[in-house]
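Below is one structure, written out as structure tokens, with a few remarks after it.
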Amino acid sequence: MHIVIIGSGVGGVSFVEKYRALCPDARLTLITRENDGYYSRPLLSRGFSTDTIEQSIILKPFDKLRAQSIDIISAAEVTAINPAERTVAVNGPDQQTLLSYDKLILAQGSSAFIPPPFRPYDELFFRLNNLVDLKKLRRFRQGFLDRNRRPAWAIIGGGLIGCEVASDLAVSGDPVTLYHASGRLMERQLVTEDSVSLLNVLKGSGVKVLLHQAVQGFSREGDKVSVNTGVSAAFDAVIVATGFKPRTELAEQAGLETGRGIKVNQRLQTSDEHIYALGDVAELPNGKLYAFILPIRNQALWLAGFLAGQESGDWQPPAFNPKAKVHGFEATHPYLF
Amino acid sequence: MSDFKKYRCSVCGHIYDEAEGDFDTGIEPGTRFEDIPDDWRCPECGAEKSAYELME
């Protein structure tokens, strides 16, 4: 049995370690674009207030997985899936290869969703979706700190990630302005009362919060970037945090059924019987994407057990309570999902 | 009491700080890691207590 896994986030890594523990003899290959090891994605949101983050965010170097006889192809991109032949084409750092699989697990996660009107201005803003993005942001910020200056930030999007990043930059001492389209913060996850208390916590940390903002685009003004909402205001840097987009392109090209994510049944199986998907990319029959760490890990462990013949029946979502990492904020009601 | 230690979840990076306890899961501030019930799980990712490692 050869199982190929695409993606080294919590989904891919939890799956592969669990499957290895259950089936010591199986051949396991994990392909990832990452090169820094397995790291904690939630900790990206503490990436400015934690000095040692670039090291401490790494939970497991890839060599630790290799020591469990898991083949890791890192800094590599899967360029195509061929379901009829059961192969994946891999563009690695040193070579291109074609790998055969018995089962394929798609766990590529998501990238930052950039609204179409912002796309022409791509070089004018940052995003914070992975460790490479964080390192870029930290280098940029350090350039200011080295000159005894603080960059003025605009964060576009007052959802979960936008609020977390605004909070972390503000408690680190930088001036932050948060633009949000809706009339209240994190309106998808919080009841109104909690949105109000979140607003007060952010203001207390020094964040300038602007609600009901229709950001139309960006423009360069000398060293600064201007955020245009009808009026314009200039900042040293802009971070766009307007949601996530599951990486479904490979699955689409392979002819798998997709919607917002890759469609799976209650056993996490895609429209091809040999291909499974989990995590941010997997869209369950109820239309939901369980893009939080606890249910993703739960999916991964369940699927490993299922493929090892130790689970039967369906995957059932566990109880979980996501939590925004905003300094000083505790919601009084459970998050909506 | 001083000398409180911190432990890190090896699955998601969540930190259990003995000085702070864990409000959400009902662990009082000042609770030593070894005194947390064995069936306690990481509040962030659900990993078992044994997934935690002492931080240097």
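The values are calculated or read from the model by the stated rules, or taken from the named source; none is laboratory data. Worth saying up front: this structure is predicted, and the values here are computed from it rather than measured. Here the Cβ positions follow ideal geometry from the backbone for every residue, glycine too, while neighbour counts run over all protein chains shown. All accessible areas refer to the heavy atoms of the entire protein, side chains included, with ligands and DNA or RNA removed. Shrake-Rupley method; radii C 1.70, N 1.55, O 1.52, S 1.80 Å.
Under the condition of being within 12 Å of chain B (Cβ to nearest Cβ) and touching a Leu at 6+ places or on another chain (Cβ under 9 Å), which residue from the range A:291-316 is farthest from residue A:163 (Cα to Cα)?
Going through the qualifying residues, I end up with A:302.
Whether any residue in the range A:89-98 is free of Cβ contacts under 8 Å to residues at least 40 places away in the same chain and among the acidic types (Asp, Glu) is what I want to check.
Yes: one or more hits.
Could you list, in sequence order, the residues of the range B:8-27 that are within 9 Å of another protein chain (Cβ to nearest Cβ), open to solvent by less than 40 Å² (accessible area, probe 1.4 Å) and not in a loop (DSSP other than H, G, I, E, B)?
The one that is within 9 Å of another protein chain (Cβ to nearest Cβ), open to solvent by less than 40 Å² (accessible area, probe 1.4 Å) and not in a loop (DSSP other than H, G, I, E, B): B:9.
Which of the strands (runs of 3 or more DSSP E) contained wholly in the range A:203-259 include at least 2 residues that are within 30 Å of residue A:271 (Cβ to Cβ) and either touching a residue at least 40 places away in the same chain (Cβ under 8 Å) or open to solvent by less than 50 Å² (accessible area, probe 1.4 Å) (or both)?
On the way: elements: A:207-210, A:217-221, A:224-228, A:232-235, A:237-240, A:244-246.
Answer list for the range A:203-259: A:244-246.
Do we find that residue A:310 is open to solvent by 70 Å² or more (accessible area, probe 1.4 Å), in contact (Cβ under 8 Å) with a residue 60 or more places away in the chain and more than 19 Å from residue B:24 (Cβ to Cβ) in this structure?
yes
If I go through the range A:136-191 residue by residue, how many of them are open to solvent by 10 Å² or more (accessible area, probe 1.4 Å), β-branched (Val, Ile, Thr), over 18 Å from the mean Cα position of the chain (by Cα) and under 23 Å from residue A:214 (Cβ atoms)?
Selection size over the range A:136-191: 1.
Taking residue A:330 and the conditions (1) in contact (Cβ under 8 Å) with a residue 24 or more places away in the chain; (2) among the acidic types (Asp, Glu); (3) within 14 Å of another protein chain (Cβ to nearest Cβ), which numbered condition does it fall short on, given that it satisfies the others?
Status for residue A:330: all satisfied but (1).
Restricting attention to the range A:260-277, and to residues there that are open to solvent by 50 Å² or more (accessible area, probe 1.4 Å) and under 22 Å from the mean Cα position of the chain (by Cα), which single residue is farthest from residue A:4 (Cα to Cα)?
A:260
For the range A:50-88, how many residues are at pLDDT below 95 and among the small types (Gly, Ala, Ser)?
Going through the range A:50-88 one residue at a time, the tally reaches 1.
Could you pull out the residue among B:46, B:30 that is open to solvent by less than 50 Å² (accessible area, probe 1.4 Å), away from every other protein chain (no Cβ under 14 Å) and either on the phi > 0 side of the Ramachandran plot or touching a strand residue (DSSP E or B) at 6+ places or on another chain (Cβ under 7 Å) (or both)?
So the residue among B:46, B:30 that is open to solvent by less than 50 Å² (accessible area, probe 1.4 Å), away from every other protein chain (no Cβ under 14 Å) and either on the phi > 0 side of the Ramachandran plot or touching a strand residue (DSSP E or B) at 6+ places or on another chain (Cβ under 7 Å) (or both) is B:30.
Give the range A:13-68 a look and list any residue that's more than 14 Å from chain B (Cβ to nearest Cβ), surrounded by fewer than 17 Cβ atoms within 10 Å (Cβ to Cβ) and touching a His at 6+ places or on another chain (Cβ under 9 Å), or say none.
A:27 - this is the single residue of the range A:13-68 that is more than 14 Å from chain B (Cβ to nearest Cβ), surrounded by fewer than 17 Cβ atoms within 10 Å (Cβ to Cβ) and touching a His at 6+ places or on another chain (Cβ under 9 Å).
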